[in-house]
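Trainee: Take this structure first; my questions come after.
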Amino acid sequence: MASNSTENITKEKQFAKGISATEPEDKEEKKESLTGGPPVIQRSGSRPQLDLSGAAIHGNFEDRYPTILLPNQSDDISHLALDIGGSLIKLVYFSRHAESFTDDYRKNSLRKKFGGTNGNRRNYPILGGRLHFVKFETSKLNECLDFISSKQLHRGGVDSPIWRGNPSTENIVIKATGGGAFKYADVFRERLGVSLEKEDEMGSLVAGANFLLRAIRHEAFTHMDGQKEFIQIDPNDLFPYLLVNIGSGVSIIKVDGFGKFQRVSGTNVGGGTYWGLGRLLTKCKSFDELLELSQKGDNSQLDMLVGDIYGGLDYSKIGLSASTIASSFGKTISENKELSDYRPEDISLSLLRMISYNIGQISYLNALRYGLKKIFFGGFFIRGHAYTMDTISFAVHFWSKGEAQAMFLRHEGFLGAVGAFMSYEKHGLDDLRAHQLVERFPMGAPYVGGKIHGPPLGNLNEKISWMEKFVQKGTAITAPVPMAPPGTTGMGGFERPSARGNILRSDASAALNVGVLHLVPTLEVFPLLRDPKIYEPNTIDLSHSELEYWFTVLSEHLPDLVDKAVASEGGTDDAKRRGDAFARAFSAHLARLMEEPAAYGKFGLADLLELREECLREFQFGDAYITIKQRENEASLAVLPDLLMELDGMNEEDRLLALIEGVLAANIFDWGSRACVDLYHKGTIIEIYRMSRKKMQRPWRVDDFDTFNKKMLTDKRQQPYKRALLFVDNSGADIVLGMLPLARELLRHGTEVVLVANSLPALNDVTANEIPGIVAEAAKHCDTLRRAAEAGGLLLDAMAGIEDESKASTVSVPLMVVENGCGSPCIDFRQVSSELAEAAKEADLIILEGMGRALHTNLNVRFKCDALKLAMIKNQRLAEKLFGGNIYDCICRFEPAD
Ligand SMILES: Nc1ncnc2c1ncn2[C@@H]1O[C@H](COP(=O)(O)OP(=O)(O)OP(=O)(O)O)[C@@H](O)[C@H]1O
Ligand SMILES: CC(C)(CO)[C@@H](O)C(=O)NCCC(=O)O
Ligand SMILES: [Mn+2]
């Protein structure tokens, strides 16, 4: 049989269904189901509701993410909040990313099966969207107004249908905090025609901090001796804490609960002082320039040290080393020098150190005053700067003798703006949880050339041009590196940072430290996790050497991936340009991570692989492997009937073994593995599959088959499992010759089978909306599959051709398909789709298949029910590291629930 056959056009169409979201016919369906949708959707609780009646897809069918028109929505939903401080304006804005209304057949039948709602969550498509963070200098208010106006943020964004046809801004109210909400209210009214609704500044800081600390994973971190460590905050054990916001001035707030706080202190020696004095003393033109200077500075040129006073000796009796600063800038009194005799570098460092240390010390004293152990520092004075954070941490640690802990926030300067944003009750975002927020690091942030802001990179073209320019100018995002940590003496002394000639990371790349937050209200924690509190998806920590290894693997794989991606979009010039921009963007991310592994928060292999897929999506590659997937599906379906016949000739025990063996053998088709890609040049899919099967030799590297077999076959009268969730991996042989036959066997044992597949494409993984087409083809050769697929509501088209008679005899356990909520080769069980969470409730067996889902992630994770983890290891290093084995070893790990 020809393995690479592409002659069967109808089949190809069938397979292509999965990506048919871009086909007009599908969109028409969406429109229909939309207009026929529920009249008014009730929202829970006291939150005001969006009126979705008459909602319809608005705009071009060509749009990838068509906007949804809500003609009956009367509220002006604002999507923007501001914090206008003494130095900087901070903007938080929300861009809606309406969830698709894909009311397809599969979803409808699932809904029937699992009940009308998606669990107890809202089943209406609002609030999916993204939170963006942008800042401007307050002195450049006009640029900020231009930005808001160009993106129409005050009216819900350029694409917002809400204001279309209603150009009036009369009733628009934007939440704003900070002194500028008072000072500039008139300017906003005149320039944008909007009124600013003032939110209390301290209240906003606290609300922002409470939200971020509870909702964002790894928001907080410590920074000592140059080491960043992320802290997992227990949302139920957050209070009390001290919040120190270092803006122009410093506010010190004791926080006891939601809305329960008191500003207990403050200091006028803050960020404005550093920047203001620094500017006068050094003639620097920008804050970043001043900060960068400090890096090459030596503070002992200006600071009077204990050693200066004690003739080079320590004053050890009171714990002061000779290098301890006795008096900041004190040295200058005894020298007959002019300001111009001092190096700006040294001045900047002395100043930075003086102010940071002072703030750390005052904060500690206030923590002591109220018996608080946790101190969180925010405000843009910190600016992710290692020396600043180390100095503050040192002061807190030193004076509290290690009792109190200084922690920093990744969204440092945005606390007030986030708080103001959260005060829009009607957004209903206040109860968002970590599992509903996904952080991404797109390249299209409106930061250009190291400036604090740039033109909004609204469309793809601008984004691509930006990537092109970036590399042309040699100002790669990645060039700047973090500052070296300061040397400390351990006795309260502080030496200068060991100057390595590094430059401060430009604002453009610093902006990458805070991603865009995607809000996906439908995501849930997988209910079958045994211990969700300590769940960690990544099996191996991406330590520096590990990161280096993956950096090489992914870099080497890049040209091939770009080729595939470009080909998948017809190889046009436009596709080539996007492919090039994608490669640059992804390389820049990789290089950035190599410099600073913690740049994007805690980052595991799963995140790295997801980042690659996300970059592809950012440059609008819908499915880079589509052609390969279709070809492999076809080739595999062609041999499926023979395989099924062969299996049916076996006795039950041999058959189960052959099936597991088949899953493992077919898992060899992995376009993410270099070794395998090399292999594919050496034969057809079926040849490779046969070879792979032949090489299977038991015992496998991990071989729990016998235990699983026992569980499946002991009690013949009883069905071994009620419902199995099969987490499938790749297209082609993997799903068709591996997982489907296994599913069929389970169905024969009376077990309901739920095939769990990706929501979005990743490498050659099969996606949830591709599976019904594949099952329909397979069902042509197999009654069990056909009846189960019918029972599971998968076979719309196939059913039409079947005689009534056989329909009547359809009494079968169902075969269903759910999407997992991910678009990555790995799976993070803290964030899965609500349909998967719902399907999981009655499941008593989980089968995780493939390296991404069973090895890179979740290998050591225990579930509340029995779990079978199946994978072929297609990477020598991983085989050695995890199992002391070799490439192409197989893993069959069975973990009974108890
Ligand atoms: N690009 C920048 N331009 C100016 N200042 C910056 C910049 N980056 C960091 N900073 C520092 O951040 C400080 C401002 O921080 P932040 O935005 O948190 O305060 P603010 O809200 O403007 O001030 P306040 O809350 O006191 O009104 C500046 O005083 C300066 O020390
Ligand atoms: C005046 C504010 C609150 C404005 O954000 C801030 O700059 C600040 O807290 N300054 C310190 C004032 C003081 O407490 O001495
Ligand atoms: Mn402020």
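Trainee: Rounded, prolate or oblate: pick one for the stretch 539-639, where a ≥ b ≥ c are the square roots of the eigenvalues of its C-alpha gyration tensor, a/c under 1.5 means rounded, and failing that, prolate if a/b is larger than b/c, else oblate.
Mentor: Cα axes put the stretch 539-639 in the oblate bin.
Trainee: In the stretch 329-405, what trypsin sites (Lys or Arg not before Pro) fall in a loop by DSSP, with at most 14 other Cβ atoms inside 10 Å? Don't skip to the end; give the middle numbers.
Mentor: Working: sites: 331, 337, 353, 369, 373, 374, 383, 401; in loops: 337, 373, 383, 401.
Of the trypsin sites (Lys or Arg not before Pro), the ones in loops of the stretch 329-405 whose Cβ has at most 14 other Cβ atoms within 10 Å are 337, 373, 401.
Trainee: Further question on the same structure: Whole angstrom only: what separates the Cα centroid of the stretch 841-857 from the Cα centroid of the stretch 591-650?
Mentor: About 16 Å separates the Cα centre of the stretch 841-857 from the one of the stretch 591-650.
Trainee: I'd like the FRET efficiency for residue 200 and residue 781, computed as 1/(1 + (r/R0)^6) with the beta carbon distance as r and R0 of 60 Å, rounded to 0.05.
Mentor: Working: r = 68 Å, r/R0 = 1.14.
Step by step, r from the Cβ atoms, then E = 0.30.
Trainee: Here's a follow-up. Between residue 146 and residue 887, what is 0.36 nm times their sequence separation minus the Cα-Cα distance? Round to one decimal in nm.
Mentor: 261.1 nm
Trainee: Full-extension gain between residue 361 and residue 591, please, as 0.36 nm times their residue separation minus the C-alpha to C-alpha distance.
Mentor: Fully extending the segment from residue 361 to residue 591 adds 79.1 nm.
Trainee: Now a separate question. In sequence order, what are the phi-derived ³J(HN,Hα) couplings for the stretch 564-572 according to the Karplus relation 6.51 cos²θ - 1.76 cosθ + 1.60 with θ = phi - 60°, rounded to whole Hz, with x for glycine and proline?
Mentor: Per-residue couplings from phi come out as 4, 4, 5, 4, 5, 10, x, x, 6 Hz.
Trainee: Ok, one more. At R0 = 45 Å, how high is the FRET efficiency between residue 260 and residue 313 if r is their beta carbon distance? Nearest 0.05 is fine. Before the final figure, lay out each step's value.
Mentor: Values: r = 50 Å, r/R0 = 1.10.
Efficiency at R0 = 45 Å is approximately 0.35.
Trainee: Turning to a different aspect of this structure: Under a plain spin-label model, where a point goes 7 Å from the Cα along Cα-to-Cβ, how far apart in nm are residue 642 and residue 862?
Mentor: Those two pseudo-labels are separated by 4.5 nm.
Trainee: So, one more: Hey, rough spin-label estimate for residue 535 and residue 279, points 7 angstrom out along Cα→Cβ, what's it come to in nanometres?
Mentor: Inter-label distance under the simple model: 4.9 nm.
Trainee: Hey, another quick one. So, for the stretch 235-292, what is the accessible surface per residue at a probe of 1.4 Å, expressed in square angstrom?
Mentor: Dividing the accessible area of the stretch 235-292 by its residue count gives 46 Å².
Trainee: Given 0.36 nm per residue, what is the gain on full extension from residue 555 to residue 337 after removing their alpha carbon distance, in nm?
Mentor: Length difference between fully extended and current span is 73.1 nm.
Trainee: Say the dipole of the stretch 187-230 comes from +1 at the beta carbon of Lys and Arg and -1 at that of Asp and Glu; which of 195, 212, 227 then lies farthest toward its positive end?
Mentor: The residue sitting most towards the positive pole is 195.
Trainee: Shifting gears a bit: Can you compute the FRET efficiency between residue 681 and residue 286 using 1/(1 + (r/R0)^6), with r the Cβ-Cβ distance and R0 = 51 Å? Round to the nearest 0.05.
Mentor: The pair residue 681/residue 286 has a calculated efficiency of 0.45.
Trainee: Given H placed 1.01 Å from N in the peptide plane, which residues other than close sequence neighbours of residue 846 have an amide H under 5 Å from its amide H?
Mentor: Counting only residues 5 or more places away or on other chains, the set is 725, 866, 867, 868.
Trainee: On to the next question. Which residues' amide hydrogens lie under 5 Å from the amide hydrogen of residue 303, considering only partners 5 or more residues apart or on another chain, with H built in the peptide plane?
Mentor: Amide H neighbours of residue 303, under 5 Å, 5+ apart: 329, 331.
Trainee: Another question, then. Per-residue HN-Hα couplings for the stretch 832-842, Karplus 6.51 cos²θ - 1.76 cosθ + 1.60 at θ = phi - 60°, whole Hz, x for Gly and Pro?
Mentor: Working through the residues one at a time gives 10, 5, 5, 5, 5, 4, 5, 5, 5, 4, 9 Hz.
Trainee: Follow-up question, since we're still on this one. Report, by chain and number, residues whose modeled amide H sits under 5 Å from the one on residue 261, excluding near sequence neighbours (fewer than 5 apart, same chain).
Mentor: 256
Trainee: Right, something else. Could you run the Karplus curve 6.51 cos²θ - 1.76 cosθ + 1.60 with θ = phi - 60° over the stretch 539-554 and give me ³J(HN,Hα) per residue in whole Hz, x for Gly and Pro?
Mentor: 6, 10, 6, 7, 6, 4, 5, 5, 5, 4, 4, 5, 4, 5, 4, 5
The values are calculated or read from the model by the stated rules, or taken from the named source; none is laboratory data. Fair warning: this is a prediction, and the values are worked out from it, not measured in the lab. Virtual Cβ from ideal backbone geometry, glycine too; neighbours counted across all protein chains shown. Just the protein is used for accessible areas: all its heavy atoms, side chains included, with ligands, DNA and RNA removed. Shrake-Rupley method; radii C 1.70, N 1.55, O 1.52, S 1.80 Å.
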